[in-house]
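Beneath this line is the structure, given in structure tokens, with notes to follow.
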Amino acid sequence: MSLPVAVLGRNRAFVGSGLGVPMTAEPKGDDGSRRDFLYIATGAFSTVGAAVATWPFIDQMNPAADVLAVASLEVDISDIQPGHALTVKWRGKPVFIRRRTPDEIQAARAVNLGDLRDPQRDEDRAQKPEWLIVVGICTHLGCIPLGVKDSDPKGDFGGYFCPCHGSHYDSSARVRKGPAPRNLEVPGYEFLSPTLVKIG
Amino acid sequence: MAGHDDEHLLHNEIKLLGVLGWVEYRLPIFNWINNAVGTNYPTPKNVNYFWNFGSLAGIALVIQILTGIVLAAHYVPTADGAFASVERIMRDVNYGWLFRYAHANGASLFFAVVYIHLFRNLYYGSYKYPRELLWWLGLIMLILMITTAFMGYVLPWGQMSYWGATVITNLFGAMPIIGDELLLWLWGGFTVGEVLLRGFYSLHYLLAFVIAGLAIVHIWALHQHRSNNPLGIDIKGPQDILPFHPYFTVKDLFGFGIYLIVFALLVFYAPNMLGEPDNYIPADPLQTPAHIVPEWYLLPFYAILRAVPDKLGGVIALALALLVLFAVPWLDTSKVRSARFRPIYKQLFWIFLADVLILGWVGGSPPEGMFITIGQLATVYYFVHFLVLLPIVGKLESPTPLPDSIATAVLEENKRKKARKLPQVGVAPSASHGASSGGGH
């Protein structure tokens, strides 16, 4: 604020000659505070206005209504045999749906939580013990782990193996070895019927 | 005003210390800005509100580029996807409706501002020596704007988009001998289609930045001989000018505030007022809308195109309507710039403005009955104004006396204003009151 006032002051001579009005004194008292008020009010109004106008530019990059509308996916799981898995695409990401064998469930539940990097009970990761549903994105740097296909390597712990940097996940898709910091994420899902699951 | 006297107009160079001084020593950007739009750029002290429209045009362009960048990020330039993607922008993308309405109405207001800017030049003779090149740069930008706006209008791929593109590209088919080959080349096929759509999308984006670049050259040329003013006389000394900052930065900002109010009223309360409802119907290559009209800002040119009952002739008339403007600095033979001192030209100016408005009205009406005759008469007058009246009136007219300088004219006007005011107020204002009310002039 001091700059424009200073500039006005410096060029007062022009104002005087230009408008034919003698300006002999620096604006003081009522006049000065009135000008200050106008400066502050204009500045504050413009700042708030600019900030408000910025919001649409930011928000337009957030997911649009049509993107959010297709954010859930229903999957028929009746064809998956025990010991096999299926990959579906949900919100543009792979989701692994595995029908586990009793041995795999047994192995997942027998693990001592103290041995885990990201301790979680298998009971908390699978609503029904037979079905393990996880987002198939390695928590290290976002590659897709192997282990869905029968021919895939499943890692040292019989779950998933990420070929990018060698993270091993167990039969509950918990990280056991390698650089990944967390277990594979379990998405929100619910069983609409014994053979139909809704993800998201 | 010759360049050598300019150094004495202002002495407001910026001296910087510290980090800013370090930068300034290597890249004198702060003084460059200060010399361009700061305390060291001398502006005629008498410029009126019509001198706001240059900066307004710049702001309008910035708004178009900012909203356009967002729209481009959500738009799909394919024949199958374009219309749906625009509807998606309107319905699903967060604030997408705001960006599209701001972009479409922003284009309209951009043209409104530029047309006022152009007619300001015609009234005050700003195109005359030594500002002919400045005028040309403005006209080139206008032609680029028309091109860009037309291409942008095609992008939503509605009925008006599609048939507008068909009609306008067919103009090139009027070219003798090579017309048909030219159309094949332009369309990249046998009709308006996706190839053309993608090309328009690419050019629409590019041309906005070409206009922005030319705007900088335009300002460069402006600053060589400074702004014209309502008196049309040159700056003669420091008493004629005020520094651009703060006097005209504040005035421009005030104008911008008014502009934003109009803009907001359009975008929020009448976003489709200036558009054609038919463009909300997806493009159909098998059916032409009953009434094809361009956006309002192209209607006068459209009327000139239709006034000539010959395919090639219409196209030539349309092109000449724009090209004749380039010759105006030489067609206008008067040495006096401002219409204020030209009693006859002043009247011709208003008649010409009315003529252009009539052309706009005819351009928006169906090409039948009396509209054909009115359109043809108005088209003839358009060219008569420039090619006959302008050269003759400049020679025959005797201008009223010009003031000695901007400063003396301003002082006299102030005296007249005061003389008018005093008897009504009844009390002579004290010195301090005079100072504060003086700011209101």
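The values are calculated or read from the model by the stated rules, or taken from the named source; none is laboratory data. The shown structure was predicted, so the numbers you read here are calculated from the model rather than taken from an experiment. Glycine also receives a Cβ, built like all others from the backbone with ideal geometry; neighbour counts cover every protein chain displayed. The accessibility values were calculated without ligands, DNA or RNA, using every heavy atom of the protein model including side chains. Shrake-Rupley method; radii C 1.70, N 1.55, O 1.52, S 1.80 Å.
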- line: A careful count of residues in the stretch B:264-298 that are buried (at least 19 other Cβ atoms within 10 Å of the Cβ), in a helix (DSSP H, G or I) and assigned by TED's automatic domain parsing to the domain that holds B:VAL113 gives 3
message: Exactly one of these conditions fails for A:ALA71: (1) outside any loop (DSSP other than H, G, I, E, B); (2) within 29 Å of B:ALA84 (Cα to Cα); (3) touching a residue at least 12 places away in the same chain (Cβ under 8 Å). Give me its number.
response: (1)
query: Looking at (1) away from chain A (no Cβ under 14 Å); (2) within 19 Å of the chain's Cα centre (by Cα); (3) among the β-branched types (Val, Ile, Thr), which is the one condition that is false for B:VAL47?
result: (1)
- request: Test B:HIS223 against the stated conditions and say whether it is part of a helix (DSSP H, G or I) and either more than 14 Å from every other protein chain (Cβ to nearest Cβ) or open to solvent by 80 Å² or more (accessible area, probe 1.4 Å) (or both).
  value: yes
- prompt: Restricting the search to the stretch B:89-117, which residues are assigned to a helix (DSSP H, G or I), free of Cβ contacts under 8 Å to residues at least 60 places away in the same chain and open to solvent by less than 40 Å² (accessible area, probe 1.4 Å)?
  reply: B:ILE89, B:MET90, B:GLY96, B:PHE99, B:HIS103, B:PHE110
query: How about the stretch B:80-131: which of its residues are over 20 Å from B:GLY232 (Cα atoms) and of a type in the set (Ser, Thr, Tyr)?
result: B:SER85, B:TYR95, B:TYR101, B:SER108
- prompt: Residue check: is B:TRP187 open to solvent by 20 Å² or more (accessible area, probe 1.4 Å), of a type in the set (Phe, Trp, Tyr) and in contact (Cβ under 8 Å) with a residue 40 or more places away in the chain?
  reply: no
task: Report whether or not B:TRP330 is out of contact with any helix residue (DSSP H, G or I) (no Cβ under 7 Å at 6 or more places or on another chain) and within 26 Å of B:PRO289 (Cβ to Cβ).
output: no
query: On the given criteria, is B:VAL86 among the aliphatic types (A, V, I, L, M), surrounded by 21 or more Cβ atoms within 10 Å (Cβ to Cβ) and part of a loop (DSSP other than H, G, I, E, B)?
result: no
- prompt: For the stretch A:90-105, what are the residues that are farther than 12 Å from A:ILE199 by Cα and open to solvent by less than 20 Å² (accessible area, probe 1.4 Å)?
  reply: A:ARG98, A:ARG100
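Condition check ((1) of a type in the set (Ser, Thr, Tyr); (2) assigned to a loop (DSSP other than H, G, I, E, B)) across all residues:
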residue	(1), (2)
A:LYS128	no, yes
A:ILE137	no, yes
A:CYS143	no, yes
A:HIS165	no, yes
A:TYR169	yes, no
A:SER172	yes, yes
task: Would you check if B:ASN52 is touching a residue at least 24 places away in the same chain (Cβ under 8 Å), assigned to a loop (DSSP other than H, G, I, E, B) and surrounded by 15 or more Cβ atoms within 10 Å (Cβ to Cβ)?
output: no
query: In this structure, does B:ALA354 turn out to be within 23 Å of B:ALA112 (Cβ to Cβ) and surrounded by fewer than 14 Cβ atoms within 10 Å (Cβ to Cβ)?
result: yes
